[in-house]
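Just below is one structure, and these are the notes that go with it.
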Amino acid sequence: MRIGAAASSWSWAAPIAGRRRLAIAFAAAHPLREMAGSLGDRYLRLLEEAGVLGPGLDLEGEPRVCDAAPYQTDNDEPGVSRIGDADTALDPLSSGGVQAAIQSALRAGPVVNTMLAPSSDKDAASEYWKARRSAQAATHRSWSSDRYAEAYHVHATEFWRVRATPMPPRVENALPATPLPPPDQILALSAAAELVQSPSLIGAQVVRTTFLFHPNLQEAVAFVDGVPLHAVLASMSTLSTALRTDRNLANRMEKALAVLGWLWRNGIVTAGLEAPATARRRS
């Protein structure tokens with residue numbers, strides 16, 4: 001496959017058999033209508049400008065035109081959950097449409113299961129579905145915006161500029177290579193830690209569970225290596241050494257060292273010099 005950018009469009013082409021190629025060109029509607037020549041002429045010109053096709057190729061038929069703009073439905077029709085492109089269409093430049101559709105289908109199963117199960121939290125299922133689809137769309141908008149910004153550095157035209165509108169800054173969540181605290185290190189819970197009840201996928205159903213919010217985290221987290229964080233933080237309501245915290249966790253759950261390391265490197269627990277904080281609970 002070849003992908004190329006032109007001044008006011010981008011295209012891709014892939015071989016399908018022998019010298020035959022399948023190619024798609026993406027351009028804004030108004031400039032496309034203003035181009036001279038037939039639709040086939042304009043199509044070939046866009047592909048040539050992007051450099052995705054070599055010379056000597058002829059069209060087998062008339063090209064087709066469709067709207068490739070990203071969209072997201074309201075998805076608020078009672079009893080209806082839309083999956084894949086029926087719900088959300090992504091910008092083709094994000095190159096994640098197939099993956100997003102599969103993820104959408106995998107989420108739909110537990111959501112529908114929760115909706116149909118007796119005595120289940122149907123509101124939680126609905127909230128979970130809406131939150132995850134919105135987060136997924138935002139992620140792909142950010143990916144596309146980054147790619148458009150890269151092309152804008154080469155082609156400083158309106159086509160690339162308007163699509164490269166900066167997204168809100170993202171928090172990088174890479175754990176620093178910080179060594180674990182020594183066994184006698186006094187630990188305290190960060191005052192910025194906050195606990196909130198939110199829908200989560202547990203097994204085959206959506207239920208409400210306790211999540212940890214903190215400015216150092218890109219998103220709220222409920223479990224680390226299968227360990228519920230709210231239970232860990234509850235055991236740290238008093239000042240404790242790293243060794244004692246590790247032993248307290250080990251008495252009730254496995255992977256205590258990994259959890260302690262995650263909390264320490266993300267700044268959820270810090271060197272305790274003052275009275276400890278208690279993780280706030282958001283109502």
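Bear in mind that the values in this text are calculations on the coordinates, not laboratory data. Small disclaimer: the values here were computed from a predicted structure and weren't measured. In this analysis, Cβ positions are derived from the backbone assuming ideal geometry, glycine residues included, and neighbour counts consider all displayed protein chains.
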Let a ≥ b ≥ c be the square roots of the eigenvalues of the Cα gyration tensor of segment 1-42; is it rounded (a/c under 1.5), or, if not, prolate (a/b larger than b/c) or oblate?
oblate
Cα-only Rg/Rh for segment 1-89 with Kirkwood Rh rounds to 1.09
Compactness relative to 2.2 N^0.38 Å, alpha carbon Rg of segment 81-143:
1.19
Could you order peptides 57-64, 206-213, 146-153 by the average number of other Cβ atoms within 10 Å of their residues, highest first?
206-213, 146-153, 57-64
Would you kindly derive the ³J(HN,Hα) couplings of segment 57-72 from the backbone phi angles with the Karplus curve 6.51 cos²θ - 1.76 cosθ + 1.60 (θ = phi - 60°), listing them in order in whole Hz, with x for Gly and Pro?
9, 10, 6, 8, x, 6, x, 10, 10, 8, 7, 10, 5, x, 7, 9
Taking every pair of alpha-carbon atoms in segment 58-208, what share in percent sits in each 5 Å bin, from 0 to the bin with the longest distance?
2, 7, 12, 13, 13, 13, 12, 10, 8, 5, 3, 1, 0, 0, 0, 0
For Asp74 and Ile202, compute 0.36 nm times the residue count separating them, minus their Cα-Cα distance, and round to one decimal in nm.
43.5 nm
For Arg45 paired with Ile3, estimate the spin-label separation in nm (one decimal), with each label point 7 Å from Cα along the Cα-to-Cβ line.
2.6 nm
Cut-off under 5 Å, modelled amide H: who pairs with Arg21 long-range:
Ile16
So what are the ³J(HN,Hα) numbers for segment 22-31, from phi and the Karplus equation (6.51, -1.76, 1.60; θ = phi - 60°), rounded to whole Hz, Gly and Pro as x?
9, 9, 9, 10, 10, 8, 6, 5, 5, x
If amide H atoms are built 1.01 Å from N in the plane of the peptide, which residues on other chains or at least 5 residues away come under 5 Å of the amide H of Leu187?
Ser240, Thr241, Ala242, Gly272
For segment 34-94 versus segment 132-150, the gap between their alpha-carbon centres in whole angstrom
18 Å
